[in-house]
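Presented below is the structure to which this report refers.
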Amino acid sequence: MDKSSLDPVLLEQLKKLQQKYAVMGQDLSSYLDGLLHADYLTYWDYIHLDTLLSLQNPKTQFPDEKVFIVYHQITELYFNLVLWEIEQIAAKEKLEEKFFVERLTRIVRYFQMLENSFSVMVDGMEKDQFLKFRMSLLPASGFQSAQYRIIEICSTDLINLVHVEFREAMMEYSDIEQQIEHLYWRSGATELASGKKTLTLQQFEEKYKKNFKETGMKYRDRNLRKIYLRHFPESHEVIKRLREFDELANVLWPLAHMRSAGRYLQRDPDNIKATGGTNWQKYLPPRFQKIMFFPELWNDQEKEEWGKAAIIKALQ
Ligand code: HEM
């Protein structure tokens, strides 16, 4: 081949590129000029490393506050991946079992990572430091994680997120407005002393309530539970994954999380101040909240003893 002539494969690629740009009325040659001047992509630019590492801004001088911030950020990134998988499932036109199972497996894997790593919080900070820097963060709380709430809303029907006391009575109504008013976590965020909504809850709702309602409407007919019941009610693989997800999201992760509250906050009323004054001992245990995304996948005894088996296993 003549050294000055272009490789036929390259020529073919150029032809295709020219066609691609012509469709949009664009001149390929100008874009090739741009390519000539463009820098090579680097790892650090691609993942925005500098930006990423500029997002940890402790409020105090205590070194362990960095651990606290970074671990929350890691968790939010995993929550984001969970939502990413759910969105793809919900958007799929012809959803096949294989695709559904694969995405559910990924979701389970993300939650396993979160459950397994929670020791970074439970054992990875000095208690004295935590109790001090935590006071500088009030009234902020992981309670205000909007992605966590959106995962819940996209996973099941809102009725399953209604506080257990009202759930049965509200079964007959399918009014989203009413259900949103009675979500289990709203009743959790009440001040011990006054019985009023905590500031943590007030601010959270001010920012996100509209978004939660819209997500509830959008996912009314395409949350994971609806998709499972409509398309794969008999699939063992789907059922297996959904049970794993339900247990991870509503028992195992909450228990791992609760261990951190147990380690740092205990039952000392002074320490309770560090949470914005909520009665977290009554609120956090899965056995009180009884949140299940897929209640039809658990028998009466499993429902009755929700969260109990995991605690016994953890104590063994
Ligand atoms: C030392 C670490 C932690 C402690 C002591 C702790 C403590 C608490 C407490 C006491 C509550 C109850 C609500 C309140 O009173 O504010 C709560 C709720 C919550 N926290 Fe944490 N937390 C820790 C780490 C985390 C992390 C890393 C995340 C990840 C995003 C997180 C996410 C949440 C969520 C989603 C709730 C609401 C749970 C629900 O509604 O069932 N927390 N936390």
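Annotations
- Working note: Karplus 6.51/-1.76/1.60 with θ = phi - 60° gives the stretch 111-125 the couplings 5, 4, 4, 5, 5, 5, 9, 5, 4, 4, 7, 5, 10, x, 9 Hz, where Gly and Pro are set to x.
- In the chain the longest region clear of trypsin sites (Lys or Arg not before Pro) that are loop-assigned by DSSP and have at most 15 other C-beta atoms within 10 Å covers 95-195.
- 17 Å cut-off, amide nitrogen to a point 7 angstrom out along Val23 Cα→Cβ, residues in the stretch 66-92: none
- For the stretch 62-306, the Cα-based Rg and Dmax, in that order, read 18.2, 55 Å.
- Leading residue at positive end of dipole, the chain (Cβ point charges), from Pro285, Val238, Leu55: Pro285
- Members of Lys226/Lys282; Lys94/Lys218; Lys213/Lys240; Lys127/Lys209; Lys207/Lys313; Lys240/Lys313 lying beyond 28 Å, as alpha-carbon distances in this model show: Lys226/Lys282; Lys213/Lys240; Lys127/Lys209; Lys207/Lys313
- Accessible surface of Val164 - all protein chains present, 1.4 Å probe, nearest 10 Å²: 60 Å²
- Max-minus-min Cα coordinates of the stretch 8-62 on each principal axis give 62, 24, 17 Å, with the largest extent listed first.
- With K and R counted +1 and D and E -1, the other residues having a Cβ less than 12 Å from that of Leu14 yield a net charge of +1.
- The chymotrypsin sites (Phe, Trp or Tyr not before Pro) found in the stretch 167-238 that occupy coil by DSSP, while having at most 15 further C-beta atoms within 10 Å, are Tyr173.
- Selected from Asp175, Asp50, Asp39 as most flexible by GNM, with the chain as the system and alpha-carbon contacts under 10 Å: Asp39
- In this structure, the amide hydrogen of Arg220, modeled 1.01 Å from its nitrogen in the peptide plane, lies closer than 5 angstrom to no residue at least 5 positions away or on a different chain.
- Phi angles of the stretch 254-264 translate, via the Karplus equation with coefficients 6.51, -1.76, 1.60 and θ = phi - 60°, into HN-Hα couplings of x, 5, 4, 5, 5, 4, 6, 4, x, 5, 8 Hz per residue; Gly and Pro are given as x.
- For the chain, calculated [θ]222 nm from helices alone, where every DSSP H run of n ≥ 4 adds -39500 (n - 2.57): -18500 deg cm²/dmol
- For the chain, the relative contact order comes to 20 percent (Cα pairs under 8 Å, sequence separation of at least 6).
- Tilt relative to the chain, helix 28-37 - C-alpha long axis, 0 to 90 degrees, to 10: 70 degrees
The values are calculated or read from the model by the stated rules, or taken from the named source; none is laboratory data. All values reported here derive from a predicted model rather than from experimental measurement. Reconstructed Cβ throughout: ideal geometry from the backbone, glycine too, with neighbour counts over all protein chains shown. Just the protein is used for accessible areas: all its heavy atoms, side chains included, with ligands, DNA and RNA removed. Shrake-Rupley method; radii C 1.70, N 1.55, O 1.52, S 1.80 Å.
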